[in-house]
Structures are given as structure tokens and as C-alpha cells.
There are 2 protein chains.
Amino acid sequence: MPRLADHDARRAEIVEALWRVLRRDGIAGVSVRTVAAEAGLSPTALRYYFPTQDALLQTAMVETVTSGAARVVPLLAQAADRTGVERMLLELLPVDERQRADPEIYLALAAHARSSPALAAISEETGAGIRRLAHRAVGILAGSGELRADLDVETTACCLDALLQGLIFQGCARPCLTSPEEIRRTLTGYLDQICCAGTPTKGSGPTR
Amino acid sequence: MPRLADHDARRAEIVEALWRVLRRDGIAGVSVRTVAAEAGLSPTALRYYFPTQDALLQTAMVETVTSGAARVVPLLAQAADRTGVERMLLELLPVDERQRADPEIYLALAAHARSSPALAAISEETGAGIRRLAHRAVGILAGSGELRADLDVETTACCLDALLQGLIFQGCARPCLTSPEEIRRTLTGYLDQICCAGTPTKGSGPTR
DNA sequence: TAGGTTCTGGTACAGCCGTACTAGCAACGT
DNA sequence: ACGTTGCTAGTACGGCTGTACCAGAACCTA
């Protein structure tokens, strides 16, 4: 077996090229040829690794989601109070250039879901994941006693879920209107709303 | 001057055809030909009213936004307390089939903004409009004395803004996961959170 | 060195895209 | 009745799309 190139590494390179094109030109700019050119390959070479365009888009979206999950899950595991919850949730939001990529790609592909049932399924599943995350977050706050006693856990989790998705959407679709600082401030503000006033959480504010 | 067809009516028909295609097949299914066929016209006839595809997309998006605004603005004008605010905000969310159309179209076009600066501008402006609306809503609650005294108006408005956009995104992008009842419940739940517990708001408890 | 496998570049095919042109139809003013 | 004008259908062009085929280069094994 000659020319044993690392297939997974090659696929990763191609997916990253797709991400670059996607962020630069939107989903409309993504084609087999443009992505291949971005990756420095011929369309045929790309097709060797991804037999069809839909497969490419699918793995690109899955890769994006798992990338985000890889960042969040460890933080979730070690989060035990509001400070930990806030740190974890911030990792999900487009608050800096590095983290901005994932949601942007995710949104672009989610919008394309009507054209591809596979993408729709991934999008739905991602949404469910964020919802679970919101539930876990509220559960942690309830467990640590920081959640206001008069709040329903279920409803609060739904609110947090919607808030997160809204911040993601705003931060990606309208970066000019929504600065990272504002995203941080809004998340902190909401946690202030749902947490007991007695708990001194101000320390979690200045992130710098 | 013969055959004096009502241009505006014709344009409206075409825009509605575009909406139907957009909701059925996503932005990828929208082309001059498909929209023309949906409207029962030849591509040439369509081109007579919209000289270019971008113009068509632009007016479709503007029309969507103004359609939503036309529903919300009167409700905003007469909203003086939480009940009015809630009614107004519900008009903005995809809680029934009729109202689902606007946000769906808006989202699809917003996602396409990277390919068209004009769409991006409209999208940004729409976002600013929703933000203003959130501010007005919180302002009304503050004016009626229903807003919790310990809450910052500015921060609460940002939270409400993000929550609304999140609900819109969820309701449109993942209708299977987010039922209209849940959207209503989440909005009510959030208003419960930011309003004084003392104020007896209708059905603010268990929605069913 | 010969053989066999993995990989890649070039080329080709339909098909759809946006846009443009041109001829012709329908209706109104005169 | 007739020309003028508003409007529409047909057709065509170049370009880009996804996909497919095929010859050949690169490399390991023997």
C-alpha cells in the first residue's frame, strides 16, 4: 500500500478549508471547486475523500459541533456553582475570534438545512444538545443553592436556552450590533436575575 | 398607455411566490426561474418587475420586515402594562402558522447576508429594530411599576432582546423541538422573572 | 527492477444559473 | 381604425454547478 497519506488529517484539512470559505463568502460561496482550491487540491482529489458535496457539508457540520462540545463538556464536568456555569456558557458564545468560528459555521449550515435533511437532523440534534446544556446549567445552580427559590427549574432552563441561542445568533449574524463585551454583560445580567441576590457573584463580572 | 396593470400588486404577488419557494425549499431553491414558475409567470415577465435577483431578494426581505412591523407597532402603541407588552411580543414570535412565515423568511435571508451586502444591511437594521422594541417593552414595564426594582433597565432589555431572537431562531430553525406553546410559556416565564411577584398578572403561573 | 496499489490532475458531461435580446401580443389614446 | 405603448414569451449566451471517467504519477512490496 503506497502513498499512505493520513486520510483523517486530509479530511480535517479539507473541512477547515470549507470553514474558511464559509466564513468568507457564506454558504453560497461553497462549492466543490472553491473548497478544493482553498485547500490547494484539485476537485478530483477532494472528491476522493468526500464522494459527494452533501457528505462534505455533513462532516463539516458534525466536526463543528463536536469541536464546540469538546470545549464545553470538560467545563461542564467541573462546574459546580455559578462561576463555573458562567465560564462554561461563555465558552459556547461567540465572545472572541477563536470561538466565533464555530457558531458562525453552525448558523450558516443550519440555515441550509431545508435543502439537506441530513443537515436538518444535525441541526436539530445540536439544538437539543444546547437545551440539555441549559438544563444542566440551571440544575447546577439549583444544586448549589444559588438559583432563586421562587423560580421553576424547567421554565428557567428554557429561558436560558433561548437566551443562549439568541446571543449566538446575534453575535454571528450581526457582529456590528453585538460586541463580545455586550454578550458577556448580557449573560452575566441574566445570571444575576435568576440567582439569589445574597450570593456575592460580582467577582465573576470583570473577566479581565 | 395600455394594459395598465397594477405594478405594486404584481410585485406583491411575486414576493409572495418567493416566500412560498423560500419556505418550501430554502434559499438554495430560490432562483429567478423557480420564483417565476411559482408565480405563474415567465422569467422574463418577472424580470420586468425586478431587474435583478438581488433586487427581488431585497424587496422580499424589506416586505417581510415591514409586514412584521405593521403587526407589532399598533400593539406597541397601545401597550401600557405587562399584559399589553406580552401581547405585543407574542405577535413577533412564531407562535402560529400565520406568524411563522415572517421570521422564517427573515432568518433564511439573514443567513444569506454574507453574499449580499444589501441583505446584510437590512438584517442589521431589523436586529436594531427588535432591540429598540425590547427596550421599549422594558421601558413600559418600568413605567407601569411592574418591573422589579432591583433590575437594570438596560441589561434587562438586552436579555429580553436575546431571548426574543433565540425564540425566533428556535421556532423557525427547529420547529420540531420548539412548539408554539413552549415559546409562549418561555416568554411568560421570563416576564414573570423580571416582573414584581406582587403584581397579579393573568395566568402567570402554570400555563395549563 | 517489476508489479500493484493509492492517489491526483485533466478533461468532459449535462444541467441550472442570472442576464440579455428580440419579436409579438394586448389594450389604450387619438 | 390605427399607431403607440405596456407587457410577455421564447430563445440564447456564457459561466458555474455536481459528478464521472481515465490516464498517469507517486510510492511500497517483492
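The values are calculated or read from the model by the stated rules, or taken from the named source; none is laboratory data. Everything quoted here is computed from the prediction, not taken from an experiment. Ideal geometry is used to build each Cβ from the backbone, glycine not excepted, and the neighbour counts take in all protein chains shown. All accessible areas refer to the heavy atoms of the entire protein, side chains included, with ligands and DNA or RNA removed. Shrake-Rupley method; radii C 1.70, N 1.55, O 1.52, S 1.80 Å.
Miscellaneous remarks
- Taking the criterion of being of a type outside the set (S, T, N, Q) and under 19 Å from residue B:98 (Cβ atoms), the residues of the range B:62-75 that qualify are B:63, B:65, B:68, B:69, B:70, B:71, B:72, B:73, B:74, B:75.
- Residues located in the range B:36-56, provided they are closer than 17 Å to residue B:21 by Cα and loosely packed, with under 15 Cβ neighbours inside 10 Å: B:40, B:42, B:43, B:54, B:55
- Among residues of the range B:128-151, those that are touching a Cys at 6+ places or on another chain (Cβ under 9 Å) and either modelled with pLDDT under 95 or loosely packed, with under 14 Cβ neighbours inside 10 Å (or both), counted: 2
- Yes/no for residue B:52 being more than 14 Å from every other protein chain (Cβ to nearest Cβ), under 20 Å from residue B:123 (Cα atoms), within 14 Å of DNA strand D (Cβ to nearest atom) and more than 24 Å from the chain's Cα centre (by Cα): yes
- All of A:47, A:71, A:33 fail the test of being farther than 26 Å from residue B:31 by Cα, free of Cβ contacts under 8 Å to residues at least 40 places away in the same chain and assigned by TED's automatic domain parsing to the domain that holds residue A:17, apart from A:47.
- The residue list B:82, B:100 contains one member that is of a type outside the set (Asp, Glu) and more than 17 Å from residue B:161 (Cα to Cα), which is B:100.
- Residue A:113 meets each of the listed conditions (1) open to solvent by 20 Å² or more (accessible area, probe 1.4 Å); (2) within 14 Å of another protein chain (Cβ to nearest Cβ); (3) more than 12 Å from the chain's Cα centre (by Cα) apart from (1).
- The number of residues in the range A:182-202 being assigned to a helix (DSSP H, G or I) and either facing chain B (nearest Cβ under 10 Å) or closer than 24 Å to residue B:170 by Cα (or both) comes to 13.
- The listed residues are B:69, B:60, B:77, and the only one of them that is at pLDDT 95 or above and open to solvent by less than 30 Å² (accessible area, probe 1.4 Å) turns out to be B:60.
- Within the range B:9-35, the set of residues being surrounded by fewer than 20 Cβ atoms within 10 Å (Cβ to Cβ), hydrophobic (A, V, I, L, M, F, W, C), away from every other protein chain (no Cβ under 14 Å) and within 10 Å of DNA strand C (Cβ to nearest atom) comprises just one member, B:32.
- Qualifying residues in the range A:126-176 (those that are over 21 Å from residue B:160 (Cβ atoms) and out of contact with any helix residue (DSSP H, G or I) (no Cβ under 8 Å at 6 or more places or on another chain)) - the one nearest to the other protein chains (Cβ to nearest Cβ): A:128
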